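The values are calculated or read from the model by the stated rules, or taken from the named source; none is laboratory data. Since the structure is predicted, the reported quantities are computational estimates derived from the model, not experimental observations. Please note: Cβ atoms are built from the backbone with ideal geometry, for glycine as well, and neighbour counts cover all protein chains shown.
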Amino acid sequence: MAAAGALLVAFADATAAADLVPHRATYEMRLNPGRRAVGVIDVRGLMVMESVDACDAWETKQRIRLTFLRPDTEEFVTDSAFTSFEAKDGSSMQFSVRNTQNGEVEEELRGVAEVVQGGPGRASFTLPEPRSFDLPAGTTFPMAHLSRLIEHAKVGEKVVAYNVFDGARLDGAFKVNAVIGRAPRPVAGAAPKGDVVLLRNQPAWTVRLAFFPADDQAGQPEYEVSMDLLANGIARSMVLDYGDFALDAKLQRIEALPRPKC
């Protein structure tokens, strides 16, 4: 997906919100067998994603724990934890990121971000050090971005792009290009456990996202994510492509979380 081929869509106000469902999803992570991996011969682990409805905000948590095996037979374990509290009106987000390798903290980020409707925004970090910078006009946050992608898919749009800030890096928002296609046919195999009713009778699409750094000059994405996305915000499967290797995320368990009485 070339950046030049994307149609930039920026809204001065929020689109109609998709009906996202609060849930917890657990995925088995494996090295994608269809891609040549560089520097690793095996990867395995789990990813848990949780979306909690907090009335006027979404509280999200993501935890990815992976074991890597290098060609020299050395193993190492990475553990990445992300949490955020994102206002449903898209105006602000609090975030926290913690990345470890073999139990040692490698990176810890924490801060807040705010955007003005139809205008620019600002991100302010307290960890690893105090730092602030402006966000471009039209910047959106992850849950608002997900909701907008679903609304674009519902009306048949195929290519859209946004500036998205998630707090996971110190150098600004990503430019995220999305290509939306038809839903894939269900793959044969063991069905997920849990509240599988959440997966039934839902419109679905294939969505491919390319993440470009804000100052990108090379025209190559930093990483890409492909997903089988349902209209309620649940991904039935994902492929995370980091360039040197790609990971398959297969849904193992899905659990409904309660909706609050607001």
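For the range 114-152, how many residues meet the condition of being of a type in the set (A, V, I, L, M, F, W, C) and within 17 Å of the chain's Cα centre (by Cα)? Talk me through it step by step, then tell me what you get.
Looking only at the range 114-152, we keep the residues that are of a type in the set (A, V, I, L, M, F, W, C), and these are 115-116, 123, 125, 127, 133, 135, 137, 141, 143-144, 146, 149-150.
Still in the list and also within 17 Å of the chain's Cα centre (by Cα): 141, 143-144, 146, 149-150.
Residues flagged as of a type in the set (A, V, I, L, M, F, W, C) and within 17 Å of the chain's Cα centre (by Cα) within the range 114-152 amount to 6.
Condition test on Asn201, is it of a type in the set (S, T, N, Q) and loosely packed, with under 13 Cβ neighbours inside 10 Å?
On the way: of a type in the set (S, T, N, Q): yes; loosely packed, with under 13 Cβ neighbours inside 10 Å: yes.
Against the criterion (of a type in the set (S, T, N, Q) and loosely packed, with under 13 Cβ neighbours inside 10 Å), Asn201 qualifies.
Is the range 25-41 home to any residue that is crowded, with 17+ Cβ neighbours inside 10 Å and under 26 Å from Lys261 (Cβ atoms)?
Yes, the range 25-41 contains at least one residue that is crowded, with 17+ Cβ neighbours inside 10 Å and under 26 Å from Lys261 (Cβ atoms).
Would you check which residues across the range 187-212 are under 23 Å from Pro22 (Cα atoms) and either part of a helix (DSSP H, G or I) or modelled with pLDDT under 90 (or both) and list them? Outline the logic, then answer.
Taking the range 187-212 as the starting set, the residues that turn out to be under 23 Å from Pro22 (Cα atoms) are 191-209.
If the condition is that a residue be under 23 Å from Pro22 (Cα atoms) and either part of a helix (DSSP H, G or I) or modelled with pLDDT under 90 (or both), then Ala191, Val196, Val197, Leu198, Leu199 are the ones that fit.
Mind listing whichever residues of the range 42-78 are of a type outside the set (D, E, K, R) and part of a loop (DSSP other than H, G, I, E, B)? Talk me through it step by step, then tell me what you get.
Let us first name the residues in the range 42-78 that are of a type outside the set (D, E, K, R), namely 43, 45-49, 51-52, 54-55, 57-58, 60, 62, 64, 66-69, 71, 73, 76-78.
Across the range 42-78, the qualifying residues are Ala54, Cys55, Pro71, Thr73.
Return yes or no: is Ile150 part of a helix (DSSP H, G or I), at negative phi and among the β-branched types (Val, Ile, Thr)? Give the derivation first.
Working: part of a helix (DSSP H, G or I): yes; at negative phi: yes; among the β-branched types (Val, Ile, Thr): yes.
In short, yes.
Would you check if Val176 is surrounded by 12 or more Cβ atoms within 10 Å (Cβ to Cβ), under 23 Å from Gln62 (Cβ atoms) and of a type in the set (Val, Ile, Thr)? Outline the logic, then answer.
Working: surrounded by 12 or more Cβ atoms within 10 Å (Cβ to Cβ): yes; under 23 Å from Gln62 (Cβ atoms): yes; of a type in the set (Val, Ile, Thr): yes.
It is true that Val176 is surrounded by 12 or more Cβ atoms within 10 Å (Cβ to Cβ), under 23 Å from Gln62 (Cβ atoms) and of a type in the set (Val, Ile, Thr).
Out of the residues in the range 213-248 that are part of a loop (DSSP other than H, G, I, E, B) and within 16 Å of Leu31 (Cβ to Cβ), which is nearest to the chain's Cα centre (by Cα)?
Step one: filter the range 213-248 for residues part of a loop (DSSP other than H, G, I, E, B), giving 213-222, 231-234, 242-245.
Then keep just the ones that are within 16 Å of Leu31 (Cβ to Cβ); that gives 242-245.
Values: Tyr242: 14, Gly243: 17, Asp244: 19, Phe245: 18 Å.
The qualifying residue nearest to the chain's Cα centre (by Cα) is Tyr242.
Among the residues of the range 62-76, write down those that are under 28 Å from Met143 (Cα atoms) and of a type in the set (A, V, I, L, M).
The answer is Ile64, Leu66.
Can you pull out every residue in the range 220-231 that is of a type in the set (S, T, N, Q) and surrounded by fewer than 19 Cβ atoms within 10 Å (Cβ to Cβ)? Give the derivation first.
Residues of the range 220-231 that are of a type in the set (S, T, N, Q), as a first pass: 220, 226.
Matches in the range 220-231: Gln220 only.
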